[in-house]
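Written below as structure tokens is the structure these notes are about.
The values are calculated or read from the model by the stated rules, or taken from the named source; none is laboratory data. Since the structure is predicted, the reported quantities are computational estimates derived from the model, not experimental observations. No Cβ is skipped: glycine too gets one built from the backbone with ideal geometry, and neighbour counts run over all protein chains shown. Just so you know, the surface numbers come from the protein's heavy atoms only, side chains and all, with ligands and any DNA or RNA stripped out. Shrake-Rupley method; radii C 1.70, N 1.55, O 1.52, S 1.80 Å.
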Amino acid sequence: MFTRLVTLIGLIVFFCLLVATPAQGAPLVPVPNVNIGVEAANNPRDVALSLQVLFVLTVLSLAPSILIMMTSFTRIIVVLSFLRSALATQQMPPNQVLVGLALFLTFFTMSPYWDEVNQNALQPYMAGRMTQDTALTAALKPMREFMFKQTRENDLALFVNISEAPRPNSPDDVPTTTLIPAFVISELKTAFQIGFLIYIPFIVIDMVVASTLMSMGMMMVPPVMISLPFKILLFILVDGWHLVVRSLMTSFN
């Protein structure tokens, strides 16, 4: 109690010294003065700069959605979630580990396309050899190429018909706003197909264990508790992480 009282008194004294008036001397610790305000634009250049800042802030706020919806992240994280559910290991591996692994696999998968974006769009734009609109078009080109490779024709036709747009004659005629949702549902379908194949061997183990326990009259023992070690053992023996990651990486080729 005495220690807490001394600490409280010390904090009060420090605060008093900090906010001391000029008549009592300069404050020991300078306190910065930060002013944030909105002023009227004096010329069109100020307006353009403000719009550019607003655009950058918008892109930064949408960056997670862009990463998820326009890359391989969706398929990878859904398959890894299916794998954890099939193993019935509750929170093992933790969500942070699954998301981190999915991110690094996404960086590995998308690195050729991002290198093309850097060489053909970002670097020329930063060097002043390309306008913003031209750089954005050049940056979208490799990303659209990746999404077209992974998108099914019937999924793309679905959104083209819903938008009531004219029938495209080439991939260049397909708007990006139509391509992205078609790509996402194609990725979800592929991820669910891989997840179904992952579930099959573990379901067989659950059925064998449940049948064995019922035949032995051990109905009060949860089958999941007995089958979990066998699932983990099977997953280790077949080098499961290697097989899953290899299947995921080859599915993008």
Item to check | Count - residues of the stretch 74-98 that are in contact with a Ser or Thr (Cβ under 9 Å, 6 or more places away or on another chain) and of a type in the set (D, E, K, R) | outcome: 1
Checklist entry - Going through the stretch 143-171 one residue at a time, which ones are among the hydrophobic types (A, V, I, L, M, F, W, C), open to solvent by 50 Å² or more (accessible area, probe 1.4 Å) and free of Cβ contacts under 8 Å to residues at least 12 places away in the same chain? => result 162
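Given the structure, is residue 104 among the aromatic types (Phe, Trp, Tyr), loosely packed, with under 14 Cβ neighbours inside 10 Å and either assigned to a helix (DSSP H, G or I) or without any contact (Cβ under 8 Å) to a residue 60 or more places away in the chain (or both)?
So residue 104 passes the test.
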Next on the checklist: Return the residues of the stretch 87-99 that are open to solvent by less than 40 Å² (accessible area, probe 1.4 Å) and under 18 Å from residue 191 (Cβ atoms); say none if nothing qualifies.
Outcome noted: 87, 93, 98
Checklist entry - For the stretch 67-86, does any single residue satisfy the condition of being of a type outside the set (Asp, Glu), open to solvent by 60 Å² or more (accessible area, probe 1.4 Å) and over 13 Å from the mean Cα position of the chain (by Cα)? => result yes
Checklist entry - Take the residues of the stretch 177-202 that are in contact (Cβ under 8 Å) with a residue 40 or more places away in the chain and farther than 30 Å from residue 160 by Cα: which is surrounded by the fewest Cβ atoms within 10 Å (Cβ to Cβ)? => result 199
Checklist entry - open to solvent by 60 Å² or more (accessible area, probe 1.4 Å) and either under 23 Å from the mean Cα position of the chain (by Cα) or more than 13 Å from residue 86 (Cβ to Cβ) (or both): does that describe residue 174? => result no
Checklist entry - Just a yes or no: is a residue in the stretch 203-212 polar (S, T, N, Q) and exposed (fewer than 12 other Cβ atoms within 10 Å of the Cβ)? => result yes
Checklist entry - Of all the helices (runs of 4 or more DSSP H) wholly in the stretch 122-180, which have at least 2 residues that are modelled with pLDDT of 80 or more? => result 132-150, 153-163
Next on the checklist: Looking at residue 142 and the list (1) over 24 Å from residue 252 (Cα atoms); (2) in contact with an Asp or Glu (Cβ under 6 Å, 6 or more places away or on another chain), which single condition is not satisfied?
Outcome noted: (1)
